[in-house]
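Accompanying notes for the structure given below.
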Amino acid sequence: MIITLVHFKSIPRADGKHGYCNTGGRKFFSLHGMDWREFRKKGLPEEAFLKTGDAMALKLVEFAYGR
């Protein structure tokens, strides 16, 4: 599955709002060697998120499957 910016910006958060922030996203992508610009344009395969092992990334993939 391709995880897209729509998923990223619409995932429910613990505070009752929706979406992960761009600043945190850019940091996350940089930390894990992922291409933020490519993600914003086309999305990235779920495997790229899963291999990070990051809890928020795993939740994002789970959310994308539930949509």
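Net charge of the neighbourhood of Leu50, taken over other residues with C-beta under 13 Å away and scored Lys/Arg +1, Asp/Glu -1, is -2. Subtracting the Cα-Cα distance of Arg26 and Met1 from their residue separation scaled by 0.36 nm leaves 6.9 nm. Each residue of the chain gets 79 Å³ once the volume of the Cα convex hull is shared out per residue.
Pairs of lysines in the chain whose Cα atoms sit within less than 15 Å of one another amount to 5, provided the residues are eight or more positions apart or on different chains. Magnitude of the charge dipole for the chain, about its Cα centre and with charges confined to Cβ atoms of Lys, Arg (+1) and Asp, Glu (-1), is about 300 debye. Straightening the chain between Ser10 and Lys42 buys 9.9 nm, computed as 0.36 nm per residue apart minus the Cα-Cα spacing.
Over the residues of the chain, the helix contribution to mean residue ellipticity at 222 nm works out to -16000 deg cm²/dmol, using -39500 (n - 2.57) for each DSSP H run of at least 4. Shown in residue order for segment 34-43 are the 3J(HN,Hα) couplings computed by the Karplus curve 6.51 cos²θ - 1.76 cosθ + 1.60 at θ = phi - 60°: 9, 8, 4, 5, 4, 4, 5, 7, 10, x Hz (x for Gly and Pro).
Amide H contacts under 5 Å for Ile3: Leu44, Glu46, restricted to partners 5 or more places along the chain or on a different chain, H placed in the peptide plane at 1.01 Å from N. Sorted ascending by nearby beta carbons within 10 Å, beginning with the fewest, His18, His32, His7 become His18, His32, His7.
Bear in mind that the values in this text are calculations on the coordinates, not laboratory data. Keep in mind that what you see is a predicted model, and the values were worked out from it rather than measured. Cβ atoms come from the backbone with ideal geometry, glycine included; neighbour counts cover every protein chain shown.
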